[in-house]
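One structure is given below, encoded as structure tokens.
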Amino acid sequence: MKSHFGKYGGAYVPEMLIPALEELENAYIDAKKDKKFEKEFEDLLKNYSGRPTPLIFAKNLTEKLGGAKIYLKNEGLNHTGAHKITHCLGQALIAKRLGKKRLIAETGAGQHGVATATVAAKLGFACTVYMGEEDIKRQRPNVFLMERLGAKVAPVGFGSKTLKDAVNAAIKDWIENVEDTHYLLGSVVGPHPFPTMNRDFQSIVGSEIRKQLRETEGLLPDYVVACVGGGSNAMGAFTNFIKDKSVKLIGVEAGGRGKKIGDNATRFPTGSVGVVEGYKSYFLQDSDGQLQKTHSISAGLDYPGIGPELSLLHDKKRVGFVSVTDMEAVEAVDVLSKTEGIITALESAHAVSYALKLAPTLSKEKVIVVNLSGRGDKDLFILAKAFNDKKFYEFLKEYISELGIGS
């Protein structure tokens, strides 16, 4: 298995983790050849997670915009509400083959944490999820769900208290407990073989898109659009179309609240190549190689790095990268909710927002597929604040008063 994507990727980790990574790689290679593993994985995807997820023609939105046809790959209809369950099931089965007893994970938006806690409960693992204190505040509903599923949520209080710091805390735990613990890394980032393994597990998204669009339109999409934090949902949607030069692939980054350092999480064009958290890729870093602060209204995109394969695809100009601001993402949630009855996650709303701009510039014969990586339940409190929903906050005050909290 190749450990690099061009000059990106690799495994820049402490020596004590090399045996664990080699063990993981070998187990994955063996599992891919094992029909029993394939059958168990496919059964869990179909009968537990709920795949295939639907590809929905956004008729109302298409008519409203007056341009290209828009299709929505609704990954939010997976069990746990996002695409993350797919690679979590895959990795958990690998961990089971290795005889591991405990899963650890990092999470930003909480969707990967919920998915990890879910598969841990289903397959009988102990589970700890690391989450930045800042992300815990803005994604409290998912913290509640993880704890109900039996996971320990470990707050990370150093650094920016967001996803990158949760990654560092999880890696430290793995070093200390590598014998019985599998680090269920949540995206196409980190040391080899994680970027390849998670891409392979998530590639089912693009495979389903291809099959479903053939059935409805009899053709390939002209554009596939996905939001990009680390890049798991994007690589899931893109991988099956990389060789199809007629299909334009667009990754949408978090434009945040402005262009100043610390106000966004756009790795292109302002990022530079470095080695961080065990892999070589583009990162938002200063001249000394220290990671810059980032910001996004969506916790899942609030990350300074990007998957190594996406870095290569950027350099090859096979994937184009654009950005969408916080407020544009919030507006996209509103538009999609009121036209199609789908409340999407703020991460996915970045991709929707770009599609809202793109569709009217194209002819009605063109087809755009937007990957909705997750649903918006987790963003309830953020959206209530963004929409200035005073009724919601009055309800919270009354409810807290009834509970006698703080009295």
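The values are calculated or read from the model by the stated rules, or taken from the named source; none is laboratory data. The structure presented is a predicted model; accordingly, all values stated were derived computationally and were not measured. FYI the Cβ positions are ideal-geometry reconstructions off the backbone, even for glycines, and counts take in every protein chain you see.
A few remarks follow.
- Filter result (among the charged types (D, E, K, R) and within 16 Å of LEU24 (Cβ to Cβ)) within the range 80-119: LYS96, ARG97, LYS100, LYS101, ARG102
Residues are listed down the side, and each one gets a yes or a no for (1) at pLDDT below 95; (2) assigned to a helix (DSSP H, G or I):
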| site | (1), (2) |
| --- | --- |
| LYS317 | no, no |
| ALA329 | no, yes |
| LEU358 | no, yes |
| ASP379 | yes, yes |
| LYS385 | yes, yes |
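- Every condition in (1) over 30 Å from GLU340 (Cβ atoms); (2) touching a residue at least 40 places away in the same chain (Cβ under 8 Å); (3) assigned to a strand (DSSP E or B); (4) touching a Ser or Thr at 6+ places or on another chain (Cβ under 7 Å) is met by VAL129 except one, and the failing one is (2).
- Selection count where residues are without any contact (Cβ under 8 Å) to a residue 40 or more places away in the chain and either part of a helix (DSSP H, G or I) or polar (S, T, N, Q) (or both), scope the range 135-151: 8
- Residue match in the range 354-364 (condition: without any contact (Cβ under 8 Å) to a residue 12 or more places away in the chain and more than 16 Å from ALA265 (Cβ to Cβ)): yes
- GLU347 being part of a helix (DSSP H, G or I), surrounded by fewer than 19 Cβ atoms within 10 Å (Cβ to Cβ), modelled with pLDDT of 95 or more and touching a helix residue (DSSP H, G or I) at 6+ places or on another chain (Cβ under 8 Å): no
- Scanning the range 285-316 for residues that are among the acidic types (Asp, Glu) and touching a residue at least 12 places away in the same chain (Cβ under 8 Å) gives ASP302, GLU309, ASP315.
- Residue in the range 1-13 that is out of contact with any Phe, Trp or Tyr (no Cβ under 8 Å at 6 or more places or on another chain) and free of Cβ contacts under 8 Å to residues at least 60 places away in the same chain present: no
- Qualifying residues in the range 216-267 (those that are in a helix (DSSP H, G or I) and in contact with a Ser or Thr (Cβ under 8 Å, 6 or more places away or on another chain)) - the one surrounded by the most Cβ atoms within 10 Å (Cβ to Cβ): ASN233
- Test: residue in the range 117-130 that is assigned by TED's automatic domain parsing to the domain that holds LEU93, modelled with pLDDT of 95 or more, in contact with a Pro (Cβ under 9 Å, 6 or more places away or on another chain) and buried (at least 22 other Cβ atoms within 10 Å of the Cβ): yes
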